[in-house]
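These notes are about the structure you will find just below.
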Amino acid sequence: MLTVTLRFYEELNDFLPGPLRKRDIKREIQSGESLKHLIEALGVPHTEVEVVLVNGISVDLDQQLQGGERISVYPMFESLDVTPLLRLREQPLRTPKFVTDAHLGKLARYLRLLGFDTLFFNDIGDQRLVETSVSERRILLTRDRALLMRRTITHGCYVHAIEPWLQLTEVVARLDLVDQVRPFSRCMVCNGAIVAAQKDLIEQQLPGQVIRQHDQFWRCQDCQKIYWQGSHYSKLLKTIAGLVVGNRQAGDV
Ligand SMILES: [Zn+2]
């Protein structure tokens, strides 16, 4: 009988059944079984894994097991210092773009609010969601771990939080996005780019009160929605500032 010993670190334990968390796990394996298969059979999607050490050496997930190995599995986590180790992915995506599954519509709108290119479809099937992620090199955001276990997915991120604003905070922290936040550069409704709009060209489309109180306007180049710095604006700006400062402080510790 062939066995290996595994240990999962940090939040990867959230995917495991209670009795297997934060301890050595002994598993029986088939000769030649891949690491990816073994790890996902325990419930951990491969997209969540950044580094795997087998007997102290960094390997990729296609590694075949022979029995007797000791395996350490680490999460995709920016604050973990893995620079001396070989990472599973060649490069992080430089300018992160996202696609969310149908359950994360609010998160998609919040990401757009911070200026991140984020697609969201109400009625797209899992297969097309995966294809969009792969072909457009978009990070797939989901709470469906089976979706992240698909082999073709290279950049995915399991979202742990339930509440949309906390989901946003989680994604910004985990993917280290603070420096790339560009509030109000992207349309929350359709993901189009927002550009400055001349007041005299749009004033007929807005209530008189809005026109009297504001001089600066922006328009989505795609859906033509008009934006101005209304009462929501300062509240949103404060919340975003809090998010950015909170992340910086967390990073400084
Ligand atoms: Zn738009």
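The values are calculated or read from the model by the stated rules, or taken from the named source; none is laboratory data. On a predicted model such as this, the values are computed, not experimentally measured, just so you know. All Cβ positions, glycine included, derive from the backbone under ideal geometry; neighbour counts span all protein chains shown.
Miscellaneous remarks
- Those helices (runs of 4 or more DSSP H) lying entirely in the range 126-198 with at least 1 residues modelled with pLDDT under 85 and out of contact with any Leu (no Cβ under 8 Å at 6 or more places or on another chain): 164-174
- Selection count where residues are in contact (Cβ under 8 Å) with a residue 60 or more places away in the chain and among the basic types (Lys, Arg), scope the range 19-72: 2
- With respect to the conditions (1) in contact with a helix residue (DSSP H, G or I) (Cβ under 6 Å, 6 or more places away or on another chain); (2) under 25 Å from Tyr227 (Cα atoms); (3) among the charged types (D, E, K, R), Arg150 lacks only one, and its number is (2).
- Filtered by the rule that a residue be within 26 Å of the chain's Cα centre (by Cα) and within 12 Å of Ser72 (Cα to Cα), the range 14-43 gives Lys22, Leu35, Ile39.
- Index of the failed condition, Val178 passing every other in (1) surrounded by fewer than 17 Cβ atoms within 10 Å (Cβ to Cβ); (2) away from the ligand (no atom under 12 Å from the Cβ); (3) within 20 Å of Phe116 (Cα to Cα): (1)
- Just one of the listed residues (Glu28, Glu11) is surrounded by fewer than 16 Cβ atoms within 10 Å (Cβ to Cβ) and at pLDDT 95 or above, namely Glu28.
- Close pairs (6 angstrom Cβ cut-off, 6 or more residues apart or separate chains): on the phi < 0 side of the Ramachandran plot in the range 93-114, among the polar types (S, T, N, Q) and surrounded by 24 or more Cβ atoms within 10 Å (Cβ to Cβ) anywhere: Phe98/Thr118; Val99/Ser133; Asp101/Thr142; Leu107/Thr100; Ala108/Thr100; Ala108/Thr118; Leu111/Thr118; Arg112/Thr118
- Boolean, Arg219 is within 16 Å of the ligand (Cβ to nearest atom), under 23 Å from Phe98 (Cα atoms), touching a residue at least 12 places away in the same chain (Cβ under 8 Å) and of a type outside the set (A, V, I, L, M, F, W, C): yes
- Unique match (being under 24 Å from Gln224 (Cα atoms) and surrounded by fewer than 14 Cβ atoms within 10 Å (Cβ to Cβ)) among Asn122, Asn191: Asn122
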